[in-house]
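The values are calculated or read from the model by the stated rules, or taken from the named source; none is laboratory data. The shown structure was predicted, so the numbers you read here are calculated from the model rather than taken from an experiment. In this analysis, Cβ positions are derived from the backbone assuming ideal geometry, glycine residues included, and neighbour counts consider all displayed protein chains. Note: areas computed on protein heavy atoms with side chains; ligands, DNA, RNA excluded. Shrake-Rupley method; radii C 1.70, N 1.55, O 1.52, S 1.80 Å.
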Amino acid sequence: MARLNLKEQLTDAKRNGYAIGAFNIFDCPSARAAVDAADSLKTPILLQTSVGTVKKFGPEELFGMMDLMRKRTAVPVLFHLDHCTEPELAKVCIDTGWDSVMIDLSARPLDENIRITGEIKKYAAVKGVCVEGELGVISGVEEEINAEEGELADYETSLVFLEGTGIDAFAPAVGTAHGVYKKEVKLNYDLVRKLSETTAVPVVIHGGTGLSDEQFARLIACGASKINVSTALKYAYINGLKEYLHGHPEEYDPIKLNSAAEKSVRETVANHIIRFKPKSGGRI
Ligand SMILES: [Zn+2]
């Protein structure tokens, strides 16, 4: 099966001054919502799946469901495994049809992170699948991942990591966090810019939920070409349901509930896609 190429998509985004949104979907309505938003805005996106979502449905069922969804549109919709700490599961997703996988061994010692990420890169390359790796600690909570605030990535170690792994997309810890921001976010824009200018590996920003328009625009202007959004979709989904039930307390038609959640997620995804295409465009 020919895979869509993450690195090519991100390189195109970087060249043209926008970022591709990578949205964590978790069921059929959320996947439909994300695909429909991409279709209406004629913009490529990633459907990201957490390890928890893959384990809930099983790789075959989840892939089959998403594959039907993406047939709804002509725009590229890539499937990406997010934050996988289990090399064997990453291989299963690579074999099943995912276009790219993120192997997250950032909690392990650097040499181990480099060695195993590099092994997955070799395994994936044979099947035309791209690999994202992480360096440093992106704090916060994301399903199985629960990281305290820790070390951010630095330029020199980043180069060692890129050289040692050969990865296609790079998620350095630059100050963003998973979940909801509880205090002011300080971002290392310089690292994003330096990596974007001096390497050919696209830079990925995790923890997109809650960043401001100005922060998105500046990250993109510095060269970031993939931005992950997860928590915002979960909030949109649950809030969509809550609001509908509040207005219709006697409603027992699941299709109506389902549609309310879907609409809310679709609007949130569309809103982010629009913010990832800053009008000023271009690099700084
Ligand atoms: Zn993340």
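Worth a mention:
- When segment 75-88 is limited to residues that are closer than 29 Å to Ile273 by Cα and outside any strand (DSSP E or B), the one that is least open to solvent (accessible area, probe 1.4 Å) turns out to be Val75.
- Conditions (1) more than 15 Å from the chain's Cα centre (by Cα); (2) open to solvent by 20 Å² or more (accessible area, probe 1.4 Å): number failed by Gly223: (2)
- Residue check: Ser106 meets all listed conditions (1) more than 16 Å from the ligand (Cβ to nearest atom); (2) in contact (Cβ under 8 Å) with a residue 24 or more places away in the chain; (3) small (Gly, Ala, Ser) but one, namely (1).
- Of all residues in segment 218-239, those satisfying the criterion of being part of a helix (DSSP H, G or I) and farther than 9 Å from Thr268 by Cβ are Arg218, Leu219, Ile220, Ala221, Thr231, Lys234, Ile238, Asn239.
- The residue of segment 8-56 that is farthest from Tyr237 (Cα to Cα), among those that are in a strand (DSSP E or B) and touching a residue at least 60 places away in the same chain (Cβ under 8 Å), is Ile20.
- Residue check, Ile25 of a type in the set (Val, Ile, Thr), within 13 Å of the chain's Cα centre (by Cα) and open to solvent by less than 30 Å² (accessible area, probe 1.4 Å): yes
- Failed criterion for Ile273 (all others in (1) assigned to a helix (DSSP H, G or I); (2) among the aliphatic types (A, V, I, L, M); (3) surrounded by fewer than 19 Cβ atoms within 10 Å (Cβ to Cβ) hold): (3)
- With respect to the conditions (1) free of Cβ contacts under 8 Å to residues at least 24 places away in the same chain; (2) open to solvent by 10 Å² or more (accessible area, probe 1.4 Å), Glu60 falls short on a single one, namely (1).
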